[in-house]
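Notes to accompany the following structure.
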Amino acid sequence: MTAPSYSVIRLKPKANARAIRRGFPWVYDNELVTDRRTKKLAAGSLAVLEESDHTPLGLVAVNPNSKIFGRMLDRNPNAVIDQSWFATRIGKALDMRSRLYADPFYRLVHAEADGLPGVIIDRFGETAVVQPNAAWADAHFDALEAALIATTGVKNVIKNASGRARSLEGLDDVTATTTGTAPDAPVQVPMNGAIYMADLTGGQKTGLFFDQRPNHAFAASLSRDAKVLDVFSHVGGFSLAALAGGAASALAVDGSAAALELAEAGAKAAGFDDRFATRKGDAFDTLSKLGEEGETFDVVICDPPAFAPNKQALEAGLRAYERIARLAAPLVRQGGYLGLCSCSHAADVNKFRVACLRGLGRAGRASQLLHSGFAGPDHPLMPQLAESGYLKSLFFRL
């Protein structure tokens with residue numbers, strides 16, 4: 001086979017080629033020699049990345065409109081990005097998930113960590129929801145989809161184009177069913193003995209957050225015979241797991257009526273509805289009101305959205321996490337448990353822990369840190385890329 005002909009982009013002499021050789025997957029625009037030719041490369045096209053001395057480093061996908069100018073696809077600069085190439089990577093990802101989970105409900109592809117930069121694929125039985133959040137993945141979507149179907153046997157594929165990442169890449173926000181038929185009702189997802197209802201077309205992100213699965217399980221282990229409060233509950237992540245773990249009751253709080261309806265449906269499907277209640281409202285306001293009402297719980301979990309999605313928002317985000325801890329702590333009975341979560345990659349676990357402890361201190365509560373949890377193994381961490389380790393869950397005994 002004739003080697004493909006690719007454009008070439010080259011690192012500046014002072015760029016950190018060593019980091020890329022050791023596995024860092026991104027090339028920033030200020031690290032490259034950029035001239036009129038490189039700036040005219042089409043977003044999503046492929047190029048060979050070279051060191052300043054012309055030594056090839058690998059094949060990258062380029063986007064001149066993004067600060068991340070290049071994303072490493074293959075260390076072989078002559079690699080052919082076709083259905084077979086995608087099938088190899090998806091096959092490796094599938095093999096690991098199949099070993100970990102008895103049922104086909106998991107994150108199948110976790111972007112860079114699974115060798116597919118910017119690509120998220122969540123599997124819900126016979127349906128896969130794909131987020132091609134980088135221009136190259138959008139450009140190669142047909143080959144990606146064909147490999148996904150051939151490798152996994154899924155019958156339905158939904159291309160989910162929502163989210164901030166696509167807008168940063170200059171991509172559209174048009175979501176569509178590209179193969180098969182989208183489910184006409186929420187999909188039942190079994191996890192940790194509970195049943196979750198995932199809305200694959202109208203819900204948040206891909207319809208369900210698989211990443212918290214091990215942290216749901218840890219919370220459930222604390223919840224036997226307990227009165228549980230689940231704040232920012234979405235479709236009942238922690239509360240339904242707690243009920244499966246033997247909680248006496250659980251209250252789910254969220255600002256979305258649609259999410260709470262799905263939580264109620266999940267509780268009913270699992271036979272937990274007699275022990276389950278919901279409360280719609282702003283989380284901060286509801287925490288304050290529950291305190292004013294004199295409510296207390298054995299277990300309280302707060303799993304907010306990303307308060308610090310980037311470095312610019314870090315300080316404000318840490319103050320918000322501190323405030324959550326301060327408002328939640330008075331609701332925990334003496335000797336009870338408080339779980340606090342963050343999905344902000346800009347706030348590392350140390351900064352997040354300090355913010356939580358500051359909030360607990362302001363609430364006048366002494367604590368023991370019992371457990372630090374992270375995303376499940378279907379969300380593997382790429383060691384060279386700190387951003388892939390975004391999720392933190394801290395469990396305290398107060």
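Structure notes:
For every residue, the table says whether it meets (1) open to solvent by less than 20 Å² (accessible area, probe 1.4 Å); (2) among the hydrophobic types (A, V, I, L, M, F, W, C); (3) under 25 Å from Asp138 (Cβ atoms).
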{"site": "Pro4", "(1), (2), (3)": "no, no, yes"}
{"site": "Val8", "(1), (2), (3)": "no, yes, yes"}
{"site": "Thr34", "(1), (2), (3)": "no, no, yes"}
{"site": "Leu49", "(1), (2), (3)": "yes, yes, yes"}
{"site": "Phe69", "(1), (2), (3)": "yes, yes, yes"}
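- Residues being out of contact with any Ser or Thr (no Cβ under 9 Å at 6 or more places or on another chain) and closer than 18 Å to Lys67 by Cα - total across segment 9-38: 13
- In the condition set (1) closer than 23 Å to His216 by Cβ; (2) crowded, with 17+ Cβ neighbours inside 10 Å; (3) aliphatic (A, V, I, L, M), Leu314 is compliant with all but (1).
- Cβ-Cβ contacts under 8 Å between residues 6 or more apart (or on different chains), taken from a first residue in segment 18-44 that is on the phi > 0 side of the Ramachandran plot to a second residue that is assigned to a loop (DSSP other than H, G, I, E, B) and hydrophobic (A, V, I, L, M, F, W, C), are listed as Gly23/Met382; Gly44/Ala134.
- Against the test of being closer than 30 Å to Leu94 by Cβ, out of contact with any Pro (no Cβ under 7 Å at 6 or more places or on another chain) and open to solvent by 10 Å² or more (accessible area, probe 1.4 Å), the options Asp348, Asp378, Asp303, Asp298 yield a single qualifying residue, Asp303.
- Yes/no for Gly91 being farther than 29 Å from Asp29 by Cβ, in contact with a helix residue (DSSP H, G or I) (Cβ under 9 Å, 6 or more places away or on another chain), among the small types (Gly, Ala, Ser) and surrounded by fewer than 21 Cβ atoms within 10 Å (Cβ to Cβ): yes
- The strands (runs of 3 or more DSSP E) located wholly in segment 1-107 that include 3 or more residues which are farther than 30 Å from Arg213 by Cα occupy 7-10, 46-50, 56-62, 68-74.
- Flag for Ala61 being open to solvent by less than 30 Å² (accessible area, probe 1.4 Å) and in contact with a helix residue (DSSP H, G or I) (Cβ under 7 Å, 6 or more places away or on another chain): yes
The values are calculated or read from the model by the stated rules, or taken from the named source; none is laboratory data. Owing to the predicted nature of the structure, the values given are computational and were not obtained by experimental measurement. A quick note on method: Cβ atoms are made from the backbone with ideal geometry, for glycine too, and the neighbour counts reach across all protein chains shown. Protein only, heavy atoms only, side chains kept; ligands, DNA and RNA dropped before computing areas. Shrake-Rupley method; radii C 1.70, N 1.55, O 1.52, S 1.80 Å.
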